[in-house]
Structure formats: structure tokens, C-alpha cells
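The values are calculated or read from the model by the stated rules, or taken from the named source; none is laboratory data. All values derive from a computational prediction rather than experimental measurement. Virtual Cβ from ideal backbone geometry, glycine too; neighbours counted across all protein chains shown.
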Amino acid sequence: MSNLRNIKDRINSIKNTQKITKAMKMVAAAKVKKAENAVKTSRPFTLELYKMFSWAYKETMKNKCNKIRTQNSIDNFPVLLEKREIKTVGIVIISSNKGLAGAYCANIVRYSLNLIKKLSEEGKKIKVYIIGQKAIPAIKNAQNQYDFEIKKTYINILDGVNSSSAYVVASALADDYINKEIDSIELVTTRYKNMMTYNTESWQLLPAVVDGVVKDFRKKELDQELKVKEDTQKIEPLSEFIPSLNSVLSSVVPMYITNIIFQAFLEAQASELASRMTAMSAATNNASDMISTLTVEFNKARQAKITQEITEVISGAGALK
């Protein structure tokens with residue numbers, strides 16, 4: 001009897017868990033569509049901003065811009081555009097604040113640690129910026145194995161993804177870059193492809209370069225109707241620099257850097273939600289399979305119990321004769 005009770009308790013427990021995973025799947029499915037639309041809507045803008053930046057960047061190479069002094073580091077575009085010897089690399093790891101998303105965070109941490117290992121072997125110092133609390137414990141534990149410094153952590157940034165939160169991160173990174181605490185910045189994020197697929201990638205943020213992140217949007221992600229030319233050198237200007245090249249660059253470069261971070265946030269958010277929806281769908285299906293298996297086991301145990309009781313009754317009746 002105790003065995004039957006244990007099996008029934010397990011079935012009820014799994015059913016309760018299944019209700020939770022099914023609800024989480026439905027919530028993730030509702031959110032991922034909105035996140036997917038946000039990603040697809042932002043990509044054309046990111047591409048157009050990229051074209052503007054690449055054009056301005058080429059003009060900067062032709063006409064050396066004077067270094068300027070600004071109150072905000074992110075506005076100091078001549079320093080952000082210049083290339084220098086890379087001794088210290090800043091790695092920005094974009095993870096998540098919530099779990100139950102399958103191997104999403106594990107993939108990001110694994111990719112980040114491989115990148116840290118590779119750069120360390122090249123003799124470069126590493127400073128890490130972590131966005132999202134799920135990656136913090138694993139990255140901290142990895143300090144026992146790899147030599148790097150955790151510069152900053154951001155936990156609440158991903159609670160409400162917007163351009164303002166991207167600007168906060170961009171400003172902090174620009175400050176460290178201008179102050180020469182870091183010489184290059186890599187973003188570790190995920191590129192959303194569809195409901196079932198995302199790729200973990202690293203994007204070079206600083207020094208700001210042409211043919212970086214957005215080039216892949218043109219080749220892989222954007223619809224063919226955008227008809228963007230393959231050779232970025234053939235991108236023709238649509239207007240003149242008014243009032244001056246410096247004025248345009250002082251607006252375009254901060255906007256470009258901030259937008260790349262914002263795009264990374266959107267891509268990561270959509271990938272996380274899609275991964276959670278897939279994981280909760282698999283968990284719900286596994287729960288159904290376990291319930292079916294336990295139900296069969298429960299019926300067999302109950303049948304054996306009934307058979308045993310009938311046998312005992314018959315044996316007892318025979319003994320009375």
C-alpha cells in the first residue's frame with residue numbers, strides 16, 4: 001500500500017511541476033514574439049547607421065580630425081576611432097538575470113572562458129564586464145583557473161532593455177577606453193536566428209571599425225529586399241557633412257557604439273526567451289512521459305495488490321472448508 005501511495009504522490013508532484021513549466025512556456029512564447037519583432041525592427045536601423053558610420057569613418061581616414069576635449073568620453077570620437085597597441089582587452093559578457101533557459105547561460109560562459117583563455121595565451125591582460133547575474137558565479141569561479149579581473153557587474157540593466165541602459169554601459173566602457181585602462185572591447189552575446197536557433201558570438205566594439213558586427217546582418221540576417229551592396233567601399237554618401245565632419249562624427253560615433261550595445265541586448269533577450277520556451281516545452285513533454293510511465297507502474301502495482309488480496313481471500317475460504 002505504501003508503494004502505491006508513493007507512486008501516486010510522485011504523479012501528483014510531477015503534474016504540479018508540469019503546470020508550472022507549461023505556464024512558463026506560454027509566458028516565454030508570448031514574450032519571444034515581441035522580442036523577435038524588436039530584433040527584426042532594429043536591424044535595418046542598425047544597418048543604416050552602420051552605412052553612415054562607415055562613410056564618416058572613411059572621411060576621417062582621409063582628413064585627420066583634430067583631437068577634441070569633451071566632458072563625456074563617449075563623445076571623444078577621435079580617440080575612440082584611433083587604433084593603438086592592444087595590451088588589455090575588455091570583454092563584456094551579456095548573460096541573463098533568470099534561469100530555466102536550458103543551456104543558454106552555460107553556452108555564454110563557456111564561450112567567454114574560451115575567449116579569455118585564447119587572449120591570455122596571446123599575452124594580453126583581461127578585464128571583464130558582466131551584464132546579468134546568472135553568469136557572475138561561474139565567471140568568478142573561473143578566476144581560480146584563468147588570470148583576469150572582473151571590472152564591473154551590471155544586474156538590473158537587462159530588466160528593462162532600452163537605449164538608455166545601453167548608453168550607461170557604453171559610457172562606462174568609453175571612460176575606461178579613453179583612460180587607457182583597456183585597449184579593445186569585445187562583446188560576448190548571442191545572435192538570434194529563429195525560435196529554435198541562436199549563435200554565441202563576440203563582436204568588436206572598440207576601437208570602432210568598419211566591416212564589424214553589422215556586416216553579418218547584411219550577409220546573413222537582413223531580407224534581400226534591402227539590396228545592400230556587398231562592398232562597403234561602394235556605399236555612396238546621401239548628403240554632405242553639415243555643419244562639419246567633426247560635428248557629424250561627434251553624433252554618429254556615440255550613437256553607433258550605443259546602438260551596437262543596444263542591438264546586442266535585443267539579440268540576447270530574444271535568444272534567451274526562445275531558449276527558455278524550448279526548455280520549458282521539453283520539460284513539459286518530459287513530464288507527460290514520466291506521468292504516463294508512472295501511471296502504468298501505478299496500475300500494475302494496484303493490479304498486483306488486488307490479485308494478492310483475492311488470492312488471500314480464496315486461500316482463507318479454502319482453509320475454512
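Does residue 79 meet the test of being hydrophobic (A, V, I, L, M, F, W, C) and modelled with pLDDT under 85?
The answer is yes for residue 79.
Could you please give the count of residues in segment 292-321 that are in contact (Cβ under 8 Å) with a residue 40 or more places away in the chain and either not in a helix (DSSP H, G or I) or not basic (Lys, Arg) (or both)?
Residues in segment 292-321 being in contact (Cβ under 8 Å) with a residue 40 or more places away in the chain and either not in a helix (DSSP H, G or I) or not basic (Lys, Arg) (or both): 5 in total.
Residue 79 - would you say it is under 28 Å from residue 248 (Cβ atoms) and part of a helix (DSSP H, G or I)?
Judged against the criteria, residue 79 is a match.
Are there any helices (runs of 4 or more DSSP H) wholly within segment 128-217 with 2 or more residues that are crowded, with 21+ Cβ neighbours inside 10 Å, and if so which?
Those helices (runs of 4 or more DSSP H) span 163-178, 213-216.
Let me spell it out: the conditions are (1) buried (at least 19 other Cβ atoms within 10 Å of the Cβ); (2) modelled with pLDDT under 90, and residue 261 meets all of them except one. Which number is the exception?
Of everything listed in (1) buried (at least 19 other Cβ atoms within 10 Å of the Cβ); (2) modelled with pLDDT under 90, residue 261 misses just condition (2).
Would you be able to say whether some residue in segment 17-32 is buried (at least 18 other Cβ atoms within 10 Å of the Cβ) and of a type in the set (S, T, N, Q)?
Within segment 17-32 (the criterion being buried (at least 18 other Cβ atoms within 10 Å of the Cβ) and of a type in the set (S, T, N, Q)), the answer is yes, since at least one residue qualifies.
Of all residues being within 30 Å of residue 260 (Cβ to Cβ) and either without any contact (Cβ under 8 Å) to a residue 60 or more places away in the chain or not in a helix (DSSP H, G or I) (or both) in segment 7-58, which is farthest from the chain's Cα centre (by Cα)? Just the residue, please.
Of everything passing the filter in segment 7-58, 48 is farthest from the chain's Cα centre (by Cα).
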